[in-house]
């Protein structure tokens, strides 16, 4: 690296770090609802009698819903269209989803009618005489006959909930009309004022969704034919404050152009979100501390520099998430922490290669310690690029096919992968180059961590492994493990989570420990014999109840039954998924996994021979099936968070195989007639220290997440722990033996010797 290029890299790194620090100090992160609490509702537009629910109609419905949500008084609401017919509504801090769903999801057809008289009883939308017959809210059991609508809600300019203390009417909704509608309102009220005081025709009915919400009578001072001028009106009806605000929000928003239905609903309490942040932060701190300590012990001075680069990696990744406006979710935090393993991997690759180059250079390395490190950075670039691209493919598939919080996992994982390249290949290199120039370091090369090969590499050099000599035995053993996993999937079955089946899962927090059998019996007696009841948390004080899709009345019955057993309970989380959406998400999950395998195979086929690519993808597929089989035997659910774990396992598994296969390709180019099996053993021996050290760095973080990350991250961490361990093993015992077998059956064509030109000197 020349002085000029080093200066450019240093300036670039300094600018990135300074900008990241400024963003981190001045910009607050955008937290997802699973971290700050609130309600998330996914609505789907449906075809109306005369209107098709296309993207344009959904956009119009979105604007109406935005006005309604603004009327709810929720701080920082978020509404966005997802696809052609979906609308995602996020309401931070709102704990009662029924309130929001009832207000924002109604069609809200507001109309104003003249009252033609009383009717004997309900006759549906229209009575026997062709007039509408609706119940009078002021007099239960009394019905009014109405004429055709004289005005619609489109003419309302503003609606506001007001406490009428002057006239003692309590909470009312004050309306103001636009110019044309104001004239229509004056005519409607003027005609009503011509009727006698006791005549029902002296009233005007205000109807919302085929229900009279108010039928005010004209006061004595209103002149016949003149009506109420000024374009204003007041809806009364004995409303509570919340009822008045909800009605004002509906009227202000106007009518939805197409009907909407709720296909997903999720509510998270603020306490649960705060605990998730605390647990994830603690797990991250402990995991990163252990990882940094491990790297410093193994690689000494370079390990210290790598730890500094890891800290800067965390700063840059966080600043990138904040600057892009990405929503930081609980799975996103996990992806952020997990990407540390990728950053560690790039550093370990360089350091292990630097150890090899130092040993190969001999005394020349002692005169210039920067030389083996510079050579190492150049030689590992191919492996770093390939391993990071494979992980980016998994992150991209998550972003494309996942929904909700898991999409945030894909975003933070992708940001972490890109940042890893910057910190390892630029910042670590700059720090190492500066440190290795110091005279004190040059006099004592053992301080650098590259002058000694390390215990594992020394042991392997004394007795190289002979894995390929028993390759068929290893492949047979792996096939046996795969059969055990497939048996678990076939016998126990895959238990899809509520996201993929549809249904409702409510997590309750009790004040005392809850007996799961007693809670299960009480809920079954309440009419839900198929409910899945589990107790979690400290002292079994948290209860999770999963049932088929139910309404709010059924959930109230479940809560009352649980209260009888556990005492007062509070709702910590409430997730509702419609069956159609569950089937769609399940299809997307399987499609994402299938595309992940295909994308990895395609990329590796381009970068390697198809035999190498097939071996790596076969090992990765085996790892995925083994993790799925493990969860099947354990009876754990296959949900969206588990999908994120599986796609991460895909990236990790291929990442490890790519590094070893890249080394095999390099050895084969200068193999000098050495048999492929022996070259494969050399590749395994030379990269095994990197595999173990990288795996240890990831395991520290994952164990911390599994132990301290809370219930929501436990299954995620267990899946990744299994995936990382299996990925390290499958590279040695599946990918490499299979690559040797395939190469033996389909050898690469011999390279064509270049033609000699006449008179050429060779």
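The values are calculated or read from the model by the stated rules, or taken from the named source; none is laboratory data. Since this is a predicted model, take the numbers as computed values, not measurements. FYI the Cβ positions are ideal-geometry reconstructions off the backbone, even for glycines, and counts take in every protein chain you see.
Scanning segment 509-521 for residues that are over 12 Å from residue 569 (Cβ atoms) and in a helix (DSSP H, G or I) returns 516, 517, 518, 520, 521.
Among the residues of segment 499-507, are any surrounded by fewer than 18 Cβ atoms within 10 Å (Cβ to Cβ), in contact with a strand residue (DSSP E or B) (Cβ under 6 Å, 6 or more places away or on another chain) and closer than 19 Å to residue 636 by Cα? So far as segment 499-507 goes, no, none of its residues is surrounded by fewer than 18 Cβ atoms within 10 Å (Cβ to Cβ), in contact with a strand residue (DSSP E or B) (Cβ under 6 Å, 6 or more places away or on another chain) and closer than 19 Å to residue 636 by Cα. Residue check: is residue 203 surrounded by 14 or more Cβ atoms within 10 Å (Cβ to Cβ) and closer than 26 Å to residue 70 by Cβ? Criteria not met by residue 203. Within segment 497-508, is there a residue that is modelled with pLDDT under 80, outside the structural domain of residue 734 (by TED's automatic domain parsing), farther than 29 Å from residue 41 by Cβ and part of a helix (DSSP H, G or I)? Scanning segment 497-508 turns up no residue that is modelled with pLDDT under 80, outside the structural domain of residue 734 (by TED's automatic domain parsing), farther than 29 Å from residue 41 by Cβ and part of a helix (DSSP H, G or I). Of all residues in segment 484-492, none satisfies being without any contact (Cβ under 8 Å) to a residue 40 or more places away in the chain and either under 30 Å from residue 262 (Cβ atoms) or in a loop (DSSP other than H, G, I, E, B) (or both). Among the residues of segment 418-440, is any more than 25 Å from residue 8 (Cβ to Cβ), more than 33 Å from the chain's Cα centre (by Cα) and assigned to a helix (DSSP H, G or I)? Checked segment 418-440: at least one residue is more than 25 Å from residue 8 (Cβ to Cβ), more than 33 Å from the chain's Cα centre (by Cα) and assigned to a helix (DSSP H, G or I).
Residues are listed down the side, and each one gets a yes or a no for (1) modelled with pLDDT of 75 or more; (2) assigned by TED's automatic domain parsing to the domain that holds residue 647:
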| residue | (1), (2) |
| --- | --- |
| 536 | no, no |
| 548 | yes, no |
| 566 | yes, no |
| 571 | yes, no |
| 589 | no, yes |
| 595 | yes, yes |
| 609 | yes, yes |
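Of the residues that make up segment 696-704, is at least one in contact (Cβ under 8 Å) with a residue 60 or more places away in the chain and in contact with a strand residue (DSSP E or B) (Cβ under 8 Å, 6 or more places away or on another chain)? The answer is no; no qualifying residue exists. Residue by residue through segment 287-301, note down the ones that are within 19 Å of residue 707 (Cβ to Cβ) and at pLDDT 80 or above. Scanning segment 287-301 gives 289, 290, 291, 292, 293, 294.
Annotation note: of 270, 257, the sole residue that is under 30 Å from residue 155 (Cα atoms), at pLDDT below 80 and surrounded by fewer than 22 Cβ atoms within 10 Å (Cβ to Cβ) is 257. In segment 623-645 there is no residue matching the filter, namely being out of contact with any helix residue (DSSP H, G or I) (no Cβ under 8 Å at 6 or more places or on another chain) and crowded, with 19+ Cβ neighbours inside 10 Å.
Consider only pairs whose beta carbons are under 9 Å apart and that are at least six residues apart or on different chains; among these, list those whose first residue lies in segment 713-736 and is assigned by TED's automatic domain parsing to the domain that holds residue 621 and whose second residue is modelled with pLDDT of 85 or more and not in a helix (DSSP H, G or I). Final answer for the pair search is 732/467; 733/467; 736/467. Would segment 311-324 turn up any residue that is at positive phi, in the same structural domain as residue 288 (by TED's automatic domain parsing) and either touching a strand residue (DSSP E or B) at 6+ places or on another chain (Cβ under 7 Å) or modelled with pLDDT of 70 or more (or both)? No, segment 311-324 contains no residue that is at positive phi, in the same structural domain as residue 288 (by TED's automatic domain parsing) and either touching a strand residue (DSSP E or B) at 6+ places or on another chain (Cβ under 7 Å) or modelled with pLDDT of 70 or more (or both). For segment 102-109, state whether one or more residues are crowded, with 19+ Cβ neighbours inside 10 Å and either farther than 21 Å from residue 552 by Cβ or modelled with pLDDT of 80 or more (or both). Within segment 102-109 (the criterion being crowded, with 19+ Cβ neighbours inside 10 Å and either farther than 21 Å from residue 552 by Cβ or modelled with pLDDT of 80 or more (or both)), the answer is no, since none of the residues qualifies.
Total residues in segment 121-134 satisfying the condition of being at pLDDT below 75 and buried (at least 16 other Cβ atoms within 10 Å of the Cβ): the figure is 4. For segment 221-244, taking the residues that are surrounded by fewer than 19 Cβ atoms within 10 Å (Cβ to Cβ) and at pLDDT 80 or above, the one that is nearest to the chain's Cα centre (by Cα) is identified as 241. Taking the criterion of being surrounded by 14 or more Cβ atoms within 10 Å (Cβ to Cβ) and farther than 9 Å from residue 87 by Cα, the residues of segment 47-58 that qualify are 48, 51, 53, 57. Does residue 475 count as modelled with pLDDT under 80, in the same structural domain as residue 681 (by TED's automatic domain parsing) and part of a helix (DSSP H, G or I)? Considered against the rule, which asks whether it is modelled with pLDDT under 80, in the same structural domain as residue 681 (by TED's automatic domain parsing) and part of a helix (DSSP H, G or I), residue 475 comes out as no. Yes or no: residue 213 in the same structural domain as residue 141 (by TED's automatic domain parsing) and either over 45 Å from the mean Cα position of the chain (by Cα) or over 14 Å from residue 113 (Cβ atoms) (or both)? Against the criterion (in the same structural domain as residue 141 (by TED's automatic domain parsing) and either over 45 Å from the mean Cα position of the chain (by Cα) or over 14 Å from residue 113 (Cβ atoms) (or both)), residue 213 does not qualify. Does residue 634 satisfy the condition of being over 22 Å from the mean Cα position of the chain (by Cα) and at pLDDT 90 or above? No.
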